[in-house]
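Have a look at the structure below before the remarks.
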Amino acid sequence: SVGTDGPFTGAITHLGYPIFFKEGCFHKIYGSYPAAFQIQDTACRGVQRGCSRSLAIVGEILYYKARHAVCAFDGSLPTEISYALGDTLYKDAIAAAHGNKYYISMVSGSKNVMLVYDTELKMWFKEDDFRPAALCSCNDILYAIDSATGKIMELSGAVDALEDNVEWSAETGDLGLSSPDTKYISRLVVRM
């Protein structure tokens, strides 16, 4: 009866208001008792169908998977934060907030990918191809249910022992070596 097309694709309470998403809009409910309820409809990128479990709040910002992007919603309008992920289309997103990070597992074709968005650094990090059935952060530990085995796993938390060597790589964009005016890089600093 809200007057917008399509099924609801997600719901969450953000900044004290219930918000109901469709793929092309969201409905925010105002009021403290039924006779005073008012619905505000906003046409924008909503939650992609099948990605209702991508909704997670980090700090005061709501993050979710829209049809062609991952979005951040501060209460006014959503903005895209996934430019760095390229043109790859993802679906079936599952996410959780942990500390100042947004963990999201998505599917592209037949491949799974676990990504982490650091909200302070505004940077994306690729973890691996782990596919959880569910994610949950509790008492400073991020838990996951492994979709392959059904076991509950601890993804991050207090470290009791040193890890084995981890294979890793880093990739930069163009560094300007072929620019006019014979500019060059005098130093490159990597912080880890």
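The values are calculated or read from the model by the stated rules, or taken from the named source; none is laboratory data. Computed from a prediction, not measured in an experiment: that's the story for all the values here. Virtual Cβ from ideal backbone geometry, glycine too; neighbours counted across all protein chains shown. Remember, those area values only see protein heavy atoms, side chains included, never the ligands or the DNA or RNA. Shrake-Rupley method; radii C 1.70, N 1.55, O 1.52, S 1.80 Å.
Before moving on, here are some points about what is shown:
- For q = 0.09, 0.11, 0.15 Å⁻¹, Debye-computed log10 I/I(0) when each Cα of the chain counts as one equal scatterer: -0.42, -0.60, -0.98
- Rolling a 1.4 angstrom probe over the protein heavy atoms with all chains in place gives the range 114-159 an accessible area of 65 Å² per residue.
- Distances between placed amide hydrogens fall under 5 Å for Q48 paired with K65, A66, R67, all partners being 5 or more residues away or on another chain.
- Plainly put, the range 39-92 has a radius of gyration that is 0.95 times its Kirkwood radius, both from alpha-carbon atoms, as the Rg/Rh ratio.
- The 3J(HN,Hα) values that the Karplus relation (6.51, -1.76, 1.60; θ = phi - 60°) gives for the range 127-137 are, in residue order, 8, 6, 9, 5, 10, x, 7, 7, 10, 7, 9 Hz. Gly and Pro appear as x.
- Summed side-chain charge close to L15 - residues other than L15 whose Cβ falls under 15 Å, Lys, Arg +1, Asp, Glu -1: -1
- More than 19 angstrom apart: percent of Cα pairs within the range 11-125: 43 percent
- In nm, spacing of pseudo-spin labels at A134 and I29 (7 Å Cα→C-beta vector): 2.3 nm
- Amide H contacts under 5 Å for V58, placed H, 5+ residues apart: Y63
- Whole-number Å³ per residue for the convex hull built on Cα positions in the range 12-72: 78 Å³
- Backbone HN-Hα couplings from phi across the range 69-78 [Karplus 6.51/-1.76/1.60, Hz, Gly and Pro as x]: 6, 9, 10, 10, 10, 9, x, 9, 9, x
- Along the range 100-117 the Karplus relation, 6.51 cos²θ - 1.76 cosθ + 1.60 evaluated at θ = phi - 60°, assigns HN-Hα couplings of 9, 10, 10, 8, 9, 10, 9, 10, 10, x, 10, 9, 9, 8, 10, 10, 10, 9 Hz to successive residues, with x for each Gly and Pro.
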